[in-house]
Amino acid sequence: MGRLGSAATMSVATYHNHTSWSDGSVSVAELVERAGRLGVDELGISDHYVLHPSGRTPPWGMPVDRLADYVEDVRTHAGGTSPVVRLGLEVDWFPGQEEAIRDGLDGFPFDFVIGSVHEVDGFRVDASALDWDELRPEERNERFRLYWVKVRAMAESRLFDIVGHADLPKKFGHHPTTDLGAVIDEALDAVGRAGMIVELNTAGWHKPCADGYPALELLRECHRRKIGVTLAADAHDPAHLLRDFPRGIERIRRAGYSRIARFRCREIVYESF
């Protein structure tokens, strides 16, 4: 255990995982126990933390006033060696919320923070296939464009370590019908300048798009910019902790990578494979 297929010398680390603190199915203790049985060497817990401009907390986010309790719960399980537990968070990005996010995270000993764009101008990009189906092609194109504009702004905030599921708007199988190369280039350039890492998120292979996040060509563009990569299943259930990891490693290799990012105290180290 603790190794993945042909990546025989690489330890198994996974950082994007959810518990019942947000929209996961099990407690921190249960997830840690299952991860140990699956052979995970390094387990990140990264529940949803959403400081929505409206002040409301969505049902899939943790109560924002209980962040300290969440941190204490995760840290209670961080003393073992099988797996090593890393304290993380998945934070929704909203323009204008930089100070609120910075203040909310201040003083907590996170090992990593994932920044994710789930919403653009009130439109949830990952909520409903019907929402996308009802849009005209030009409206879909605009949602895709705004998504990458938001990713750029998120990177420029310098608040985060990992870009969560880049390429998320394709979830329901829609794709832009116009060339968005320039706005995507600007977003990836900003990610590179910020020193952020992109994750290869395997959850997309189990959505209507039937493709990991990001697509191979986007991941190649990340590699060309020397943006590091990590591997994640975006697990909301322990059974999915290592779902499609061999497939993910193959995509990472095909994109040109030969090493994987690891996190501790918001510092990045790399492990070759």
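Bear in mind that the values in this text are calculations on the coordinates, not laboratory data. Keep in mind it's a predicted model, so treat the numbers as computed, not measured. No Cβ is skipped: glycine too gets one built from the backbone with ideal geometry, and neighbour counts run over all protein chains shown.
Sorted fewest first by neighbouring Cβ atoms within 10 angstrom, Met154, Met10 come out as Met10, Met154.
Computed about the Cα centre, the dipole magnitude for the chain is approximately 1000 debye when only Lys and Arg (+1) and Asp and Glu (-1) carry charge, each at its Cβ.
With an 8 Å Cα cut-off and a minimum separation of 6 or more residues, compute the relative contact order for the chain in percent. It comes to 19 percent, rounded to a whole number. Residues Asp189, Asp111, Asp41, ranked from the fewest to the most other C-beta atoms within 10 Å, line up as Asp189, Asp41, Asp111. Going by neighbour counts of Cβ atoms within 10 Å, the residues Cys209, Cys265 line up, fewest first, as Cys265, Cys209.
Taking the charge dipole of the stretch 15-272 about its Cα centre, with +1 at Lys and Arg Cβ atoms and -1 at Asp and Glu Cβ atoms, the residue from Leu51, Ser116, Ile162 reaching farthest to the positive side is Ile162. Specify whether the C-alpha gyration tensor of the stretch 219-273 places it in the rounded, prolate or oblate class, a ≥ b ≥ c being the square roots of the eigenvalues: rounded for a/c under 1.5, otherwise prolate if a/b is larger than b/c and oblate if not. Oblate, since a/c reaches 1.5 and b/c is not below a/b.
A simple count of charges around Gly181, restricted to other residues whose Cβ falls under 15 Å of its Cβ and scoring Lys, Arg +1 and Asp, Glu -1, yields -2. Dividing the radius of gyration of the alpha carbons in the chain by their Kirkwood radius gives 0.94 for Rg/Rh. For the stretch 144-273, the normalised intensity computed at q = 0.14 Å⁻¹ comes to -0.59 (log10 of I(q)/I(0), Debye sum over alpha carbons, equal scatterers, no solvent).
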